[in-house]
Amino acid sequence: MDDDDDEDDDDDGIPLRGDAQSSGSDSDRVDIDQHRLNILKTNLPLVDEIGFRIAAEMCLEKLNKALSEMEEFNENFGVVRLSQTKLQLDCVMGRYIFEAHIERRLMTMFSPKEGEQQYALDRQHDWVSLKDGHQMIDLFLREVGTYCQGIPSDL
């Protein structure tokens, strides 16, 4: 995906908030945001706490493995699995924290650039933003790929 595509319409044909091509009043944007959220909610799986825990731990382990492979190619780059539900990455951009909130069935990613973002597991087992529907991994790779060397494998 090109950087130019970041402001394009999503697959659902609804412009992203802040899209330079979008027009209309604030109430139109609220309606669009509500519509996007409704689409997102209908695509979320109904998983129990155990299913969510397994999916979250698998995601964090996958991140841990992929980022550990990048340590040898980047200075000031370190990944630490703090617990079964928390992973920390320190890199040139700052500190990223991924944390699974089992009881709320949410994953959060703290990004030094974007702050805290909340994600839910969708039916395709991707972590999607509750705010605007972007995928957690896509945002993370865009940010880290700008400043770090090597592409994490298997993400």
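Extension gain, ASP138-ILE54: 0.36 nm per intervening residue step, less the Cα-Cα distance, totals 28.1 nm.
Full extension of the chain segment joining ARG81 with TYR147 gains 21.6 nm, where the gain is 0.36 nm per residue of separation less the Cα-Cα distance. Placing a label point 7 Å from the Cα of VAL47 along the Cα-to-Cβ line, the residues of segment 117-145 whose backbone N sits under 20 Å from it are 117-141.
All of the numbers you see were taken from the coordinates with simple rules; none came from a lab. Since we're looking at a predicted model, the values are computed, not measured. Methodologically, a virtual Cβ is constructed for each residue, glycine included, from the backbone with ideal geometry; neighbour enumeration extends over all protein chains shown.
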